[in-house]
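Peer 1: Got a structure here, written out as structure tokens. Questions coming.
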Amino acid sequence: MIVTKIETVALEGLTVSSLGGQTINPYDATRTPGGSSGGTGAAIASSLAILGTGTDTVNSLRSPASANNLVSVRPTRGLLSRSGIIPISFTQDNIGPIARNIQDLAIALTVMASVGADEGDNATFHVPPEVRGTDYTEGLNDGNLSVFRIGLLDGFWNHTPSDETAPVIDAFSSAIDFLTAQSAEIFNVTDGIYNASALALFDVQKFEFREEVNKYLSRPTLNGDRPTTWDEVYASGKFLVIPSQYDFISESKELSTDDDLYVANKQSIENLRRVVNETFKKGNFDALIYPEQKNLVVKLGSPSQAGRNGILGALTGFPVVTVPVGFSRPTGDAPLGVPIGMEILGQPFEEGKLLNIANHFTRLYPFRKTPVFANQDVEMGSYLSMPNIQPNRSISPAYPLGVLPPPS
């Protein structure tokens, strides 16, 4: 079984929509499942599916993997076609698989990448010929971690302990200690550019969003009674309004790719790619690592999914594999604890190497646990027809249905 996601708009990483309501983290019913592909993550974590797909414009593959004790891969930009995905940003959009183990993840990536170049997505024509047809399962083996040199991005984790950050600090520190004990070479990278908050200023979503969505809605292959522009979607009054989206939506209605700041941001992104490449070359690194999120996944009703670090992979288009590194301490709300994940970023089209590192790590440092409620026998039955499944449309009053301007 493969699960895909339906959502109103992939922003803020909360996985709440006007159609299905609020998706809940299966490890802690008081918290979100990450997002925006949190529905996919929650379903796979609960053993409702073997693997699934998700889109990722800034964090949306890696956030639900981290929050749901799963693995994911955001591939190099262009390796997988994005045709058919409702777009947010041509520069930053990507798609990839989420799974419970690296073997399944490698199988999914192999199948998805087999489509090859696609005229519907120009980025796919930049993939080197030798990369085409790669079987990502062949690079997996039971080897060791001692052959890898890994850079640790110091600026991507919060060293100040609190109830929400201390579990991440402890889990990530333990993971580093384990890698060191396995003779992997770990080097601290303190360059000032590796600051997720500062890099977020280069984000180009708000410049490309309206143009990309309008282009998508005008496709002749879309039929039926439907909006044909983004303004019509929002003016319908049926759109879920997450408060942290107000500025984004307001700005995206006015901004475009003709703006000087967009051109400047695109140049900053190119400069960032060069800097990251220089970091790899200078350190002779196989990968860079950092927590996917500086703090635990946020509570239901939060204004946004604060503390995520996915912006580096999103802007550079470099490949990233996310793996579990542990849990917070168990509580009444979270009997196993809240999952914590790590990103492993590599150079373009080195997905095979990243999956190999991740495979070694997850085999030697296993942290996969099934949520308590899902770890039980279920009586099997049969259906003569597809049952009608009614979603729980519970939505926090913090996320009203409506239009701009925000309600007073």
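Peer 1: Filter segment 196-234 down to residues that are under 19 Å from the mean Cα position of the chain (by Cα) and among the polar types (S, T, N, Q) and give me whichever is farthest from residue 247 (Cα to Cα).
Peer 2: 197
Peer 1: So residue 28 fits all but one of (1) crowded, with 24+ Cβ neighbours inside 10 Å; (2) modelled with pLDDT under 95; (3) of a type outside the set (S, T, N, Q); (4) out of contact with any helix residue (DSSP H, G or I) (no Cβ under 9 Å at 6 or more places or on another chain); what number is the exception?
Peer 2: Here residue 28 meets the rest and fails (2).
Peer 1: Another question, if that's okay. With the requirement that a residue be touching a strand residue (DSSP E or B) at 6+ places or on another chain (Cβ under 8 Å) and outside any helix (DSSP H, G or I), what does segment 194-217 give you?
Peer 2: 194
Peer 1: Taking segment 59-88 as the search range and keeping residues that are of a type in the set (Val, Ile, Thr) and modelled with pLDDT under 95, which one is nearest to residue 314 (Cα to Cα)?
Peer 2: Taking the candidates together, the pick is 88.
Peer 1: Looking only at residues that are aromatic (Phe, Trp, Tyr) and touching a Phe, Trp or Tyr at 6+ places or on another chain (Cβ under 8 Å) in segment 204-247, which one is surrounded by the fewest Cβ atoms within 10 Å (Cβ to Cβ)?
Peer 2: Only one residue fits best here, namely 230.
Peer 1: Scan 323, 378, 298 and give me the residue that is among the β-branched types (Val, Ile, Thr) and exposed (fewer than 15 other Cβ atoms within 10 Å of the Cβ).
Peer 2: Being among the β-branched types (Val, Ile, Thr) and exposed (fewer than 15 other Cβ atoms within 10 Å of the Cβ) holds for just one of 323, 378, 298, which is 378.
Peer 1: Has segment 175-193 got at least one residue that is more than 30 Å from residue 367 (Cα to Cα), free of Cβ contacts under 8 Å to residues at least 24 places away in the same chain, in a helix (DSSP H, G or I) and out of contact with any helix residue (DSSP H, G or I) (no Cβ under 8 Å at 6 or more places or on another chain)?
Peer 2: No, every residue in segment 175-193 fails to be more than 30 Å from residue 367 (Cα to Cα), free of Cβ contacts under 8 Å to residues at least 24 places away in the same chain, in a helix (DSSP H, G or I) and out of contact with any helix residue (DSSP H, G or I) (no Cβ under 8 Å at 6 or more places or on another chain).
Peer 1: Okay, moving on. Which one of the conditions (1) over 21 Å from residue 338 (Cα atoms); (2) not aromatic (Phe, Trp, Tyr); (3) not in a loop (DSSP other than H, G, I, E, B) does residue 19 fail to meet, given that it meets all the rest?
Peer 2: If we test residue 19 against (1) over 21 Å from residue 338 (Cα atoms); (2) not aromatic (Phe, Trp, Tyr); (3) not in a loop (DSSP other than H, G, I, E, B), just (3) comes out false.
Peer 1: Given the structure, is residue 318 part of a helix (DSSP H, G or I) and surrounded by 15 or more Cβ atoms within 10 Å (Cβ to Cβ)?
Peer 2: It is false that residue 318 is part of a helix (DSSP H, G or I) and surrounded by 15 or more Cβ atoms within 10 Å (Cβ to Cβ).
Residues checked against (1) touching a helix residue (DSSP H, G or I) at 6+ places or on another chain (Cβ under 7 Å); (2) at positive phi; (3) aliphatic (A, V, I, L, M):
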position: 248; (1), (2), (3): yes, no, no
position: 259; (1), (2), (3): yes, no, no
position: 265; (1), (2), (3): yes, no, no
position: 277; (1), (2), (3): no, no, no
position: 289; (1), (2), (3): no, no, yes
position: 300; (1), (2), (3): no, no, yes
position: 317; (1), (2), (3): no, yes, no
position: 320; (1), (2), (3): yes, no, yes
position: 337; (1), (2), (3): no, yes, no
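Peer 1: For residue 111, all conditions in the list (1) without any contact (Cβ under 8 Å) to a residue 12 or more places away in the chain; (2) not in a helix (DSSP H, G or I) hold save one; what is the number of the exception?
Peer 2: Among (1) without any contact (Cβ under 8 Å) to a residue 12 or more places away in the chain; (2) not in a helix (DSSP H, G or I), residue 111 violates only (2).
Peer 1: Of the residues in segment 66-92, how many are closer than 18 Å to residue 266 by Cβ and assigned to a helix (DSSP H, G or I)?
Peer 2: 0
Peer 1: Here is a list of conditions, (1) within 23 Å of residue 54 (Cα to Cα); (2) part of a loop (DSSP other than H, G, I, E, B), and residue 285 meets all of them except one; can you say which number that is?
Peer 2: The single condition residue 285 does not satisfy is (1).
Peer 1: In segment 349-375, what residues are in a loop (DSSP other than H, G, I, E, B) and either in contact with a Pro (Cβ under 7 Å, 6 or more places away or on another chain) or surrounded by fewer than 17 Cβ atoms within 10 Å (Cβ to Cβ) (or both)?
Peer 2: Hits for segment 349-375 are 349, 350, 366, 367, 368, 369, 370, 371, 375.
Peer 1: Would you confirm, using the coordinates I've provided, whether residue 118 is under 30 Å from residue 256 (Cβ atoms), without any contact (Cβ under 8 Å) to a residue 40 or more places away in the chain and surrounded by 13 or more Cβ atoms within 10 Å (Cβ to Cβ)?
Peer 2: Spelling it out, residue 118 is indeed under 30 Å from residue 256 (Cβ atoms), without any contact (Cβ under 8 Å) to a residue 40 or more places away in the chain and surrounded by 13 or more Cβ atoms within 10 Å (Cβ to Cβ).
Peer 1: If you check every pair at least six apart or on different chains, which have Cβ atoms under 9 Å apart with a residue in segment 297-309 that is in contact (Cβ under 8 Å) with a residue 24 or more places away in the chain and over 19 Å from residue 240 (Cα atoms) first and a residue that is among the basic types (Lys, Arg) and part of a loop (DSSP other than H, G, I, E, B) second?
Peer 2: Pairs found: 307/294; 308/294; 309/294.
Peer 1: Restricting to segment 252-295, name every residue that is surrounded by fewer than 19 Cβ atoms within 10 Å (Cβ to Cβ), among the polar types (S, T, N, Q) and under 20 Å from the mean Cα position of the chain (by Cα).
Peer 2: Selection gives nothing.
The values are calculated or read from the model by the stated rules, or taken from the named source; none is laboratory data. On a predicted model such as this, the values are computed, not experimentally measured, just so you know. Note: ideal-geometry Cβ built from the backbone for every residue, glycine included; neighbour counts use all protein chains shown.
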